[in-house]
1. Would you pick out the residues in region 118-136 that are part of a loop (DSSP other than H, G, I, E, B) and under 18 Å from LEU176 (Cα atoms)?
2. Which residues, counting only those in region 154-196, are modelled with pLDDT of 95 or more, within 16 Å of the ligand (Cβ to nearest atom) and among the acidic types (Asp, Glu)?
3. I'm told THR92 meets every condition in (1) assigned to a strand (DSSP E or B); (2) surrounded by 17 or more Cβ atoms within 10 Å (Cβ to Cβ) except one. Can you identify the failing condition by its number?
4. Does THR70 satisfy being modelled with pLDDT of 95 or more and surrounded by 19 or more Cβ atoms within 10 Å (Cβ to Cβ)?
5. Tell me, please, whether a residue that is polar (S, T, N, Q), out of contact with any strand residue (DSSP E or B) (no Cβ under 6 Å at 6 or more places or on another chain) and under 29 Å from PRO184 (Cα atoms) can be found in region 93-106.
6. How many residues does region 104-117 contain that are assigned to a strand (DSSP E or B) and in contact with a Ser or Thr (Cβ under 6 Å, 6 or more places away or on another chain)?
7. I need a count of the residues in region 73-86 that are crowded, with 18+ Cβ neighbours inside 10 Å and within 18 Å of ARG116 (Cα to Cα).
8. If a residue has to be away from the ligand (no atom under 16 Å from the Cβ), in contact (Cβ under 8 Å) with a residue 24 or more places away in the chain and closer than 18 Å to SER106 by Cα to count, how many in region 126-153 make the cut?
Amino acid sequence: MKRKSIAFLVLAAVIGLMSSTSFAQVDYALGKSYTSNPPITPTSSWWLGEDPPWVKFTDGISAWAWGAVTGWQGSDAVGMTTITIDLGSVKTDIAKVQVDQFVSTSSAVYASDSARCLGSTDGTNFTVWGDMTTTGTSSDTETMWYWVYETASYKTAQYMMVEMDYASSVGGHKLLSEIWVFSPGATSVKDWSLYR
Ligand SMILES: [Ca+2]
């Protein structure tokens, strides 16, 4: 009986170790500062606001809700939008980047046509890592679109850039809720709630 108890404890310890290993993933972007082009500029009619202080994309909160998103409107929402996050120091094991885009076509908030990731160690010279893929489809008109870039060849960067393109001439809004820059781990799309 005692031997079984010890065996159980050892097994539990091993499982615990495996669990802690699989949940060791870190969001390097959490709480970090970022800039964008075009900049997010509050106006008198700006009903989303709060950005500046430039926190909503990296506050660890992702939700399909007006209070959890901000972004661009009108002509600023058309064409290429660039967001650059300063991760604070060079990270050498970036495994995944995820952008959570708020989409609500009934409110003129449209999904981007494409997105891609770039990285830099000096904030000046950026290397294109690759295109992001999305969970969204043309029928997903009132939901979050998750854009993901994932690589087994870990990337090195202090400055993480995401380009979100929207080619239509229809302005509307381009709104994001969160940008995640993950270290290696087992997290799949939408498991962001683990990292708040
Ligand atoms: Ca957020």
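The values are calculated or read from the model by the stated rules, or taken from the named source; none is laboratory data. Small disclaimer: the values here were computed from a predicted structure and weren't measured. Quick reminder, even Gly has a Cβ in these numbers, built from the backbone with ideal geometry, and neighbours come from all protein chains shown.
1. MET132, THR135, GLY136
2. The one that is modelled with pLDDT of 95 or more, within 16 Å of the ligand (Cβ to nearest atom) and among the acidic types (Asp, Glu): GLU178.
3. (2)
4. Taking the combined requirement at face value, the residue does not satisfy it.
5. No, every residue in region 93-106 fails to be polar (S, T, N, Q), out of contact with any strand residue (DSSP E or B) (no Cβ under 6 Å at 6 or more places or on another chain) and under 29 Å from PRO184 (Cα atoms).
6. Selection size over region 104-117: 0.
7. Of the residues in that region, 6 qualify.
8. 5
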